[in-house]
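The values are calculated or read from the model by the stated rules, or taken from the named source; none is laboratory data. Since we're looking at a predicted model, the values are computed, not measured. Here the Cβ positions follow ideal geometry from the backbone for every residue, glycine too, while neighbour counts run over all protein chains shown. Side chains included, ligands, DNA and RNA excluded: accessible areas come from the protein's heavy atoms. Shrake-Rupley method; radii C 1.70, N 1.55, O 1.52, S 1.80 Å.
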Amino acid sequence: MENNPDYLLIAFRILGALALLIFGMKMMSEALQKMAGPQLRHILGAMTTNRLTGMLTGVFVTSTVQSSSATTVMTVSFVNAGLLTLGQAISVIMGANIGTTLTAWIMSLGYNVDLTNFVYPAFFLGIMLIYQKKYRYIGDFLFGIAFMFLSLVMLSTAGKEMDLAHNESVVNFFTSFDTGSYWTILAFLAIGTAITGVVQSSAAVMAITILLCSTGVLPIYLGIALVLGENIGTTMTANLAALGANIQARRAALAHLLFNVFGIIWVMCVFYPFVNLVCRMVGYDPTIGGQAAKLPIVLAMFHTCFNVSNTAILLGFIPQIEKVCCWLLPTKELPQEEEFRLQYIQGGLMKTPEISVLQAQKETALFAERMQRMFNMTRDLLHEKDGNSFTQLAERIKKYENISDNMEIEIANYLGQVSDSHLSDETKMKIRALLREVSELESIGDACYNITRSLNRHHESAEAFTEAQTENIERMMHLADKSLTQMVATLNGKREDFTLQPSLEMETEINTLRTELKEQNIRDIDNHLYSYALGSTYMDIVSQCERLGDYVMNVVEARLN
């Protein structure tokens with residue numbers, strides 16, 4: 001009895017090792033993403049010019065961050081933020097499926113090589129780097145990879161201690177399944193899908209599969225069926241992440257699911273010949289026992305061959321996949337009247353702070369475009385003579401003012417949540433700039449609404465603006481609109497492509513005109529060309545346009561630092 005392993009204790013050790021594996025991969029992935037920082041956007045933007053480079057980008061990024069889920073969720077987030085098209089996202093996701101096969105190879109290495117010689121020096125070096133601000137992300141990465149390798153050592157040790165190959169009941173359980181039956185393969189495929197969907201980690205399922213196969217109790221055909229199920233289960237992460245996202249992001253997540261489901265369908269049609277081919281490639285014979293040490297390598301090789309083959313087949317059909325996704329998730333027609341609705345910032349997305357900031361920047365640019373539309377409505381209001389049309393347009397402007405208040409609050413709250421994360425100094429600076437931008441944009445909305453209120457008072461009065469006053473207001477509004485156009489271009493473009501000079505020149509021009517009109521207004525009132533009340537309303541509009549120019553300047557300064 002004393003030689004019998006304590007299965008309960010070993011089971012807890014396996015669960016702890018799996019938890020450590022997931023944590024280590026998460027820590028390593030996040031550290032790499034933080035080290036990459038803003039370069040992630042440029043990598044994905046520059047390297048996705050066609051479907052082949054997009055696929056290679058997916059391979060590179062996933063191999064680097066060691067998580068296909070991180071890459072696909074990141075890709076969905078970029079689509080949601082408008083940084084990638086659906087076609088580009090599909091090619092990146094295809095590459096991510098190939099890149100994730102490196103994880104299986106690392107795990108198979110962990111079961112065949114003693115990694116403890118690497119683990120402890122990595123911990124020691126990592127702890128020294130973590131406390132140095134400049135190298136803390138490298139320290140986090142070393143800790144993450146050390147945790148991952150340590151968990152693999154623990155799993156391998158636990159598997160040997162369980163000695164399942166000599167446990168008659170366990171052996172009988174697995175040998176009771178008919179490995180030559182497609183129904184058995186489909187059942188294990190479903191089990192692999194369900195487990196991966198629940199634990200949200202394909203790496204954990206791969207580790208369990210390798211553990212069972214390496215002990216010699218799980219036949220290779222059933223192990224491969226679990227690996228196939230893991231390919232479908234891992235798509236749940238991106239689909240859950242996309243639930244609150246926009247339509248393009250949901251289509252990108254759906255494309256990931258369709259891509260893997262199609263792969264499962266064709267590989268099931270040639271399942272046994274394909275598996276036997278992979279076995280021959282690594283020198284493994286499924287009909288002969290005593291080769292358990294080779295099984296982790298067989299699983300890693302199958303995972304690689306399957307994903308490379310599936311990508312090779314479907315890479316040329318990305319436009320067709322895109323059409324199917326658009327057909328399954330059609331764009332809903334939205335009402336013409338604007339409603340308060342954030343387009344790029346959505347709830348439920350799992351992302352890194354860098355991606356969150358990119359989404360907030362896109363949302364802020366959209367905020368600026370809305371404010372320019374609001375200002376153009378006030379220009380239309382100046383010339384509106386019909387009473388009903390004037391009232392409707394004024395109500396619409398008021399609605400935009402409410403939208404601007406809500407957008408400021410929502411974006412600021414979102415940035416507040418992002419600030420709770422562990423941020424780089426550059427990201428902190430971007431968040432401070434964005435908070436200033438949204439505050440100034442809301443002030444632009446207030447200025448537009450104040451102009452509307454002045455125009456409304458004038459509309460209700462009996463005295464009309466003189467021709468010269470109307471012309472001067474239009475000149476002022478034209479300059480303000482030019483400054484708004486420059487601001488929107490700055491927010492939508494790359495910071496290095498713009499300077500402060502054009503906005504400064506427009507701001508100076510607005511201030512000069514305001515001073516000129518103010519002096520002229522005093523002379524015109526003294527000459528009794530119009531009443532003091534009309535002159536006061538007239539100057540209120542001019543002053544609000546000048547203030548609007550100040551707010552625009554503040555936004556541009558915040559963006560360009």
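Given the structure, is ALA293 part of a helix (DSSP H, G or I) and either at pLDDT 80 or above or open to solvent by less than 50 Å² (accessible area, probe 1.4 Å) (or both)? Reasoning before the result, please.
On the way: part of a helix (DSSP H, G or I): yes; either at pLDDT 80 or above or open to solvent by less than 50 Å² (accessible area, probe 1.4 Å) (or both): no.
Judged against the criteria, ALA293 is not a match.
Please go through the stretch 544-561 and give me each residue that is open to solvent by 10 Å² or more (accessible area, probe 1.4 Å) and either part of a helix (DSSP H, G or I) or of a type in the set (A, V, I, L, M) (or both), ordered by number. Write out each step before concluding.
Taking the stretch 544-561 first, the residues open to solvent by 10 Å² or more (accessible area, probe 1.4 Å) are 544, 546-547, 550-551, 553-554, 557, 559-561.
Of everything in the stretch 544-561, those that are open to solvent by 10 Å² or more (accessible area, probe 1.4 Å) and either part of a helix (DSSP H, G or I) or of a type in the set (A, V, I, L, M) (or both) turn out to be GLN544, GLU546, ARG547, ASP550, TYR551, MET553, ASN554, GLU557, ARG559, LEU560.
Just one of LEU513, LEU479 is over 18 Å from HIS458 (Cβ atoms), within 38 Å of the chain's Cα centre (by Cα) and surrounded by 16 or more Cβ atoms within 10 Å (Cβ to Cβ); which is it? Before you say what the answer is, go through the steps one by one.
Working: LEU513 fails: within 38 Å of the chain's Cα centre (by Cα).
Result of the check over LEU513, LEU479: LEU479.
Does GLN359 fit the bill of being at pLDDT below 85, in contact with a Gly (Cβ under 7 Å, 6 or more places away or on another chain) and surrounded by 14 or more Cβ atoms within 10 Å (Cβ to Cβ)?
Numbers: at pLDDT below 85: yes; in contact with a Gly (Cβ under 7 Å, 6 or more places away or on another chain): no; surrounded by 14 or more Cβ atoms within 10 Å (Cβ to Cβ): yes.
When the stated conditions are applied, GLN359 does not pass them.
Being surrounded by fewer than 24 Cβ atoms within 10 Å (Cβ to Cβ), of a type in the set (S, T, N, Q) and in contact with a Leu (Cβ under 6 Å, 6 or more places away or on another chain) is the filter here; which residues of the stretch 193-231 pass it?
Residue satisfying the conditions is THR215 alone.
Of the residues ALA190, ALA255, which single one is modelled with pLDDT of 80 or more and either under 18 Å from SER108 (Cβ atoms) or open to solvent by 10 Å² or more (accessible area, probe 1.4 Å) (or both)?
On inspection, the qualifying residue turns out to be ALA190.
Does the stretch 320-339 contain at least one residue that is of a type in the set (D, E, K, R), within 24 Å of ARG495 (Cβ to Cβ) and either in contact with a helix residue (DSSP H, G or I) (Cβ under 9 Å, 6 or more places away or on another chain) or modelled with pLDDT of 85 or more (or both)? Outline the logic, then answer.
Going residue by residue through the stretch 320-339, those that are of a type in the set (D, E, K, R) are 322-323, 332-333, 337-339.
Now drop any that are not within 24 Å of ARG495 (Cβ to Cβ), which leaves none.
No, every residue in the stretch 320-339 fails to be of a type in the set (D, E, K, R), within 24 Å of ARG495 (Cβ to Cβ) and either in contact with a helix residue (DSSP H, G or I) (Cβ under 9 Å, 6 or more places away or on another chain) or modelled with pLDDT of 85 or more (or both).
Could you pull out the residue among ALA104, ALA89, ALA96 that is at pLDDT below 80, closer than 27 Å to MET236 by Cα and open to solvent by less than 10 Å² (accessible area, probe 1.4 Å)?
ALA104
From (1) open to solvent by 70 Å² or more (accessible area, probe 1.4 Å); (2) under 18 Å from THR378 (Cα atoms), pick out the condition that doesn't hold for ASP526.
Result: ASP526 fails condition (2) only.
Scan the stretch 507-543 for residues that are in contact with a Ser or Thr (Cβ under 8 Å, 6 or more places away or on another chain) and not in a helix (DSSP H, G or I) and jot them down.
LEU529, TYR530
Which numbered condition trips up THR485, out of (1) in a loop (DSSP other than H, G, I, E, B); (2) closer than 26 Å to ASN406 by Cβ?
It fails just one condition, (1).
Which members of the stretch 417-449 meet the condition of being modelled with pLDDT under 85 and of a type outside the set (D, E, K, R)?
In the first step, residues of the stretch 417-449 are kept if they are modelled with pLDDT under 85; the result is 417-428.
Hits for the stretch 417-449 are GLN417, VAL418, SER419, SER421, HIS422, LEU423, SER424, THR427.
Output the number of residues of the stretch 424-475 satisfying the condition of being within 17 Å of ILE403 (Cβ to Cβ), of a type in the set (D, E, K, R) and crowded, with 19+ Cβ neighbours inside 10 Å.
Matching residues across the stretch 424-475 total 3.
When you go through (1) open to solvent by 50 Å² or more (accessible area, probe 1.4 Å); (2) within 27 Å of VAL438 (Cα to Cα) one by one for LEU491, which number turns out not to apply?
Checking LEU491 against (1) open to solvent by 50 Å² or more (accessible area, probe 1.4 Å); (2) within 27 Å of VAL438 (Cα to Cα), the one that fails is (1).
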